[in-house]
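Structure, as structure tokens:
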Amino acid sequence: MKVADIGKAAVNIAKGLGVTFGEQLKKPITNFYPDTPATVKDGYRGVPVLVQLPTGEFTCTACMACVRACPIGIIQLDTVMVDRKRAMDEFRLEVGRCLQCNLCVESCNFDALVMAPEFELASYTREPLVLYKNDLAKLYAKYFWPKEGEEHHFPARVTSKHHAPGAGTGTPRGPRAAKIAQTGVTLTPGGGGGEPAGKTPVGASVPAESAREATGTTRPQDTGAQKAGEGA
Amino acid sequence: MNWQLVTFYILGLVILYAAYRVVTSAVITHAALWLAVALVGVAGIYLQLQAEFLAIIQVLIYVGAIVTIIIFAIMLSPLREIKTEEKDRRGGATRMGRAVASVEWGLAPVAAGLLFALGMTWAYSRQAWPVGSVPPGLITEPLGKSLMTTYLLPFEVASVLLLVAMVGAIVLAIRGQK
Amino acid sequence: MVSLHGYLVLAAFLFGLGLYGALARTNAIRILMAIELMLNAVNINLVAFAQYLTPGLVTGAVFAVFVITVAAAEAAVGLAIVLLVARQRGVIEVDKINLMKW
Amino acid sequence: MFGIPEPWWSVIRAVVWALFIIIFLAVNAIVAVWLERKVSGRIQRRIGPQRVGRPIGWAQTIADVFKLLVKEDVRAEATDKWVFLLAPAIPFAAITLMFLVVPWGKNLIPLNLNIGLLFVVAVTSFEVLGLFMAGWGSNNKWALLGAMRTAAAMISYELPMVLAILAVGMTAGSLNMNDVVNAQSRVPFILIQPVAFLIYYIASLAEANRTPFDFTEAESELVAGANIEYSGLRWAFFFLAEYGSLVGTSAIAATLFLGGWRGPILPGPVWFLIKTYLLVYVAMWIRWTLPRVRIDQLLDFGWKFLLPLALADIAVTGIVLALL
């Protein structure tokens, strides 16, 4: 131990103490999360949700592409035959194990799955973390249905510069997708999407009205998150 | 009620019991801890004798240093030897019964202490000492003065002794490290 | 008031216990502890004598200070030796350390 | 006084002081833990506790105390029963005794000992025993390792600490705490004995097991050190002793080097508390700045740097005093 070393150590310690003292004088950067709404950054991937039109129709075609794409196999899709065509009956997603890898969304040819920036899914047990199609539809409505006095085009999609560039703006492929794109209605909320137009897919037990009602109550609280989700 | 007498009896009992446990407890770590109790008790006796300085020195050096060194030594020497040290006596209904039953570990220390105390009492009783009481003043100041004047030479010799002991201990420890 | 004899008898008993421990036990560390007990008994005697027989003079207390000093030195060196022996022989029972040279 | 005979009066005085010291230590632990959380929060640009007892979170530690009180007192089967059970009392007792000679104001001292400084050193020295008992009694290798390390550190740092205190005693010409405070009526000793203050403060950090010398806790390497097997109230006693030790060494430092209760305008006890908590704050500031040192570095630093420095300080003090 040389004298110079001791001097150096003393200077360094003093420097460190100076830094920490300076930090004490700065303003804290704490988030008061449950008291004030938290924000997520643009491009945050939360939960893959099912696109449900205000008419109550799911755009999912039950092609199973997302089921195959999921690397951990947490998506389950039950199909049913409607008019001799395969349609989605039930959709199960175990969010608790979701990697948020976005592969299901990318694999979807019909833009029927989008990422909703939902992050308040904590629960005491695993059961609430298994989301069914109506839960997913509610989340979709919460983040992507138009707000008061806003015009919106369905299907909406997270269009962020951080991921899935150009997604959502691309044309859906396939004849059925084209058909759905045509049914995409422009509407003002409150004015109502009205009656479920056309045939209601089997299993769509929650009509659009009730879904909107359910989400309508939660909407004002989560303005921050919603803004972030729709920011792009 | 004579509080001084009561204090003396309590302190004496604590010291003697602790000393007894130092000699007899099967686990040597316990012996070291009982030693600390005994030494604190002796510090109390010093306080009663108005030797406040000695009491504090006793706590500082004996409890703070010597007992700690002993504990260190126990911890640093091969642990296996310490745990099996001097045969743990099992058998016998209770610990008391066991202690009494094994003469060497139970009764013999008490007997030895009692014998010694009786012998010394007999020896003391032949002397007619004044029964005067302890002077009220504390001895700190005269002690310091006499250490620095009358007993300066022994004081310095003691310092040299400590120095030599320190050097010796360090040398032993270093040689052991090889 | 505690008489001088009280302290003397206490010290004698303590010394007896320490003496027994030093003679009858085989563990080196415990022997050192017993020796500390004996030194303490002596110290009690010294201080008691000094306070009762020569009030005002502190010769006994000075002697006690020296005893404490020596005890500290003894503990340091003694335990260093015990440690060294324990390291080299693997035992700290004095009756097994009967060879001065290995 | 008040028609009460003298021996009873001193008994009442002793009981009142004892209660006061114990209550002060308990309250201090609550306040100091809260302060520690706040200071650490501010240093990390957080705000620390704020929910329980808004807006500053003043009730957080009180809630923690209640949590500790109702927690189960666990004792493992293989522990050394009485050693394990009695261990938490010893550090706490040592700290309580330390406050026995600390002056709070003019004539406000629990016990005006002639050799108060020596008394402080003596009672702090057997704090080690409690930690050692905890380590041994727990019958747990981490606890034993933590206890041994702590004991080694405390022994090493006690010597420089004693020597620094001795330098103060030499300067003041007395070992009585009141005299030491009175000797600082014009200049606090921190200006006369800055080296001794530094040595004392560093050593007291080691003595109180604060980071950068916190070998009792050392969460990241020893899990929790000597008190790993403790829970509930017994653990709380260790905690109490830890913070008591911090405030105790700070109080001694404030008395020895910062002029104790002396100060303008405000009454003595207030000044004493201000100075003490200033030093407590500095200890916290240091804790949240510096990393923990390695045990061998710690011992090296104590024996090879602080001890010679303290000896040199004493020698210089002696020479200067002889020349004056």
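The values are calculated or read from the model by the stated rules, or taken from the named source; none is laboratory data. What you see is a predicted model, and the numbers here were worked out from it, not measured in a lab. FYI the Cβ positions are ideal-geometry reconstructions off the backbone, even for glycines, and counts take in every protein chain you see. When the accessible area is computed, the model is the full protein with side chains, heavy atoms only, and any ligands, DNA or RNA have been set aside. Shrake-Rupley method; radii C 1.70, N 1.55, O 1.52, S 1.80 Å.
Given a 1.4 angstrom probe, I'd like the percentage of the accessible area of segment D:73-323 that is carbon and sulfur, rounded to a whole number. Provide the component values of the computation, followed by the final result.
Working: 6430 of 9220 Å².
Whole-percent figure for carbon plus sulfur exposure: 70.
Could you pull the Cα extents of segment D:148-198 along its three principal axes, largest to smallest, in whole Å?
Rounded to whole Å, the extents work out to 43, 20, 13 Å.
With just the Cα atoms of segment D:73-323, tell me how far they stretch along each of the three principal axes, in Å, largest first.
So the three principal-axis extents are 61, 37, 32 Å.
Percent relative contact order of segment D:73-323, based on C-alpha pairs within less than 8 angstrom and at least six residues apart? Write out the running numbers ahead of the final one.
Numbers: 406 pairs, mean separation 65.7, N = 251.
In percent, rounded to a whole number, it is 26.
Could you grab the relative contact order for chain C? Cα pairs under 8 Å, six or more apart, rounded to a whole percent. Could you put the intermediate results ahead of the total?
Values: 86 pairs, mean separation 27.2, N = 102.
Relative contact order, chain C: 27 percent.
When Cβ neighbours within 10 Å are restricted to other protein chains, what is their mean count per residue of peptide D:78-88?
Details: counts 0, 0, 4, 0, 2, 4, 0, 0, 1, 1, 0.
Mean partner-chain Cβ count within 10 Å for D:78-88: 1.
Which three lengths, in whole Å and largest first, does segment C:4-96 cover when its Cα atoms are put on their principal axes?
51, 23, 10
At 1.4 Å probe size, what's the solvent-accessible area of A:Asp135? Round to the nearest 10 Å².
50 Å²
Just the C-alpha atoms of segment D:235-324: what Rg/Rh do they give, with Rh taken as the Kirkwood radius?
Numbers: Rg = 17.0 Å, Rh = 15.9 Å.
With Rh from the inverse mean 1/r over Cα pairs, Rg/Rh is 1.08.
Take peptide B:41-50, look around each residue's Cβ out to 10 angstrom, count Cβ atoms belonging to other protein chains, and average those counts. Could you put the intermediate results ahead of the total?
Numbers: counts 3, 10, 2, 0, 11, 7, 0, 6, 10, 4.
Mean number of neighbouring Cβ atoms from other chains: 5.
Provide D:Asp296, D:Asp214, D:Asp80 ordered by accessible surface of protein heavy atoms (probe 1.4 Å), highest first.
Details: D:Asp296 70, D:Asp214 10, D:Asp80 35 Å².
Most to least solvent-accessible, the answer reads D:Asp296, D:Asp80, D:Asp214.
Rounded to the nearest 500 deg cm²/dmol, what is the calculated helix-only ellipticity per residue at 222 nm for chain D, with -39500 (n - 2.57) per DSSP H run of length n ≥ 4? Walk me through the numbers before you get to the answer.
Values: 15 runs with 217 residues, N = 324.
Helix contribution divided over all residues of chain D: -22000 deg cm²/dmol.
Go through segment A:29-127 and name the trypsin sites (Lys or Arg not before Pro) that are in a DSSP coil and have 14 or fewer other Cβ atoms within 10 Å of their Cβ. Write down the numbers at each step before the final one.
Details: sites: A:Lys41, A:Arg45, A:Arg68, A:Arg84, A:Lys85, A:Arg86, A:Arg92, A:Arg97, A:Arg126; in loops: A:Lys41, A:Arg45, A:Arg84, A:Arg126.
The qualifying sites are A:Lys41, A:Arg84, A:Arg126.
Got a number for the accessible area of B:Tyr151? Probe 1.4 Å, square angstrom, nearest 10.
Its heavy atoms expose roughly 60 Å² to the probe.
Considering the options D:Pro160, D:Leu307, D:Trp34, tell which one lies farthest towards the positive end of the dipole of chain D, charges being +1 on Lys and Arg and -1 on Asp and Glu at the Cβ, about the Cα centre.
Result: D:Trp34.
With all protein chains present, calculate the accessible area of D:Trp285 using a 1.4 Å probe and round the result to the nearest 10 Å².
Per-residue accessible area (D:Trp285): approximately 50 Å².
Per-residue counts of other Cβ atoms within 10 Å, averaged by peptide: what ranking do you get for A:32-39, D:274-281, D:141-148, highest first? Numbers along the way, then the final one.
Details: A:32-39: 12.2, D:274-281: 19.5, D:141-148: 22.2.
In descending order of packing, they fall as D:141-148, D:274-281, A:32-39.
So which of D:Lys38/D:Lys71; D:Lys81/D:Lys141; A:Lys26/D:Lys275; A:Lys26/D:Lys38; A:Lys41/A:Lys142 end up more than 20 Å apart, counting from Cα to Cα?
Values: D:Lys38/D:Lys71 25 Å; D:Lys81/D:Lys141 17 Å; A:Lys26/D:Lys275 25 Å; A:Lys26/D:Lys38 14 Å; A:Lys41/A:Lys142 18 Å.
Flagged as over cut-off: D:Lys38/D:Lys71; A:Lys26/D:Lys275.
Could you give the semi-axes, largest first, of the ellipsoid that matches segment D:88-151, computed as the square roots of 5 times the alpha carbon gyration tensor eigenvalues and rounded to whole Å? Show your work: numbers first, answer last.
On the way: eigenvalues 193, 20, 10 Å².
Value: 31, 10, 7 Å, ordered largest first.
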